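Q: The structure that follows is given in the form of structure tokens.
The values are calculated or read from the model by the stated rules, or taken from the named source; none is laboratory data. What you see is a predicted model, and the numbers here were worked out from it, not measured in a lab. Every residue, glycine as well, gets a Cβ built from its backbone with ideal geometry; the counts of neighbours run over all protein chains shown. Ligands, DNA and RNA are excluded from the accessible area calculation, which covers all protein heavy atoms including side chains. Shrake-Rupley method; radii C 1.70, N 1.55, O 1.52, S 1.80 Å.
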Amino acid sequence: MERVPILKIGGVLLVSIQIDLQDQSVLALQEDLAEKISATGAHGVVIDISAVEIVDSFIGRMFATIASISRLFDADTVVVGMRPAVAITLVELGLTLGGVRTALDLERGMKILGQLGRGRDA
């Protein structure tokens, strides 16, 4: 099973999904990310899904679950790079991705997390 790399950029963890997600790799990602947030004290998580072409209900729920896990560790989550077909599929599946912010690209996602981080310091 191929694992998804998690990179640390300042106080943000970047997860760039470049593989076809299978149920086991999704579960491993959730566990790896929780451990990495806990170990680094990151205040934000960016999940880049620009390479993801299709999603199912399990993968869609994974984004919401990761956001919930991140919140428990006081980190915000932004999903970036969502393709139109993926957005349409998520809506058709009735998945709202509660607690997950979205941005068109990585730059905008990092900007959102920067603004949220400043609000947290106030």
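Q: What percentage of the solvent-accessible surface of the chain, computed with a 1.4 Å probe over protein heavy atoms, is contributed by carbon and sulfur atoms?
A: C and S atoms contribute 53 percent here.
Q: Restricting to the chain, what percent of DSSP beta bridges are antiparallel, rounded to 5?
A: Bridges in the chain are about 25 percent antiparallel.
Q: Next up: Could you pull out the chymotrypsin sites (Phe, Trp or Tyr not before Pro) across segment 1-94 that fall in loop regions by DSSP (anything but H, G, I, E, B) with no more than 15 other Cβ atoms inside 10 Å?
A: none
Q: Heavy atoms only, probe 1.4 angstrom, no DNA, RNA or ligands counted: give me Ile54, Ile66, Ile19 ranked by accessible area, highest first.
A: Ile54, Ile19, Ile66
Q: Where Lys and Arg each count +1 and Asp and Glu each count -1, what net charge lies around Val4 among other residues with Cβ under 15 Å from its Cβ?
A: In short, -4.
Q: List the equivalent ellipsoid semi-axes of the chain in whole Å, largest first, each obtained as the square root of 5λ for an eigenvalue λ of the Cα gyration tensor.
A: So the three semi-axes of the chain are 22, 16, 13 Å.
Q: Still on this model: Please list, ordered by chain and number, the residues whose modelled amide H lies under 5 Å from the amide H of Arg101; skip anything fewer than 5 residues away on the same chain.
A: HN-HN under 5 Å from Arg101: Thr77, Val79.
Q: What is the set of long-range amide H partners of Ile9 at a cut-off below 5 Å, with H atoms built 1.01 Å from backbone N?
A: Counting only residues 5 or more places away or on other chains, the set is Leu14.
Q: Let me ask something else. Averaged per residue, what accessible area in Å² does the chain show with a 1.4 Å probe, protein chains only?
A: 55 Å²
Q: Pairing the Cα long axis of helix 106-121 with the longest principal axis of the chain, what angle in degrees results, from 0 to 90 and rounded to the nearest 10?
A: 40 degrees
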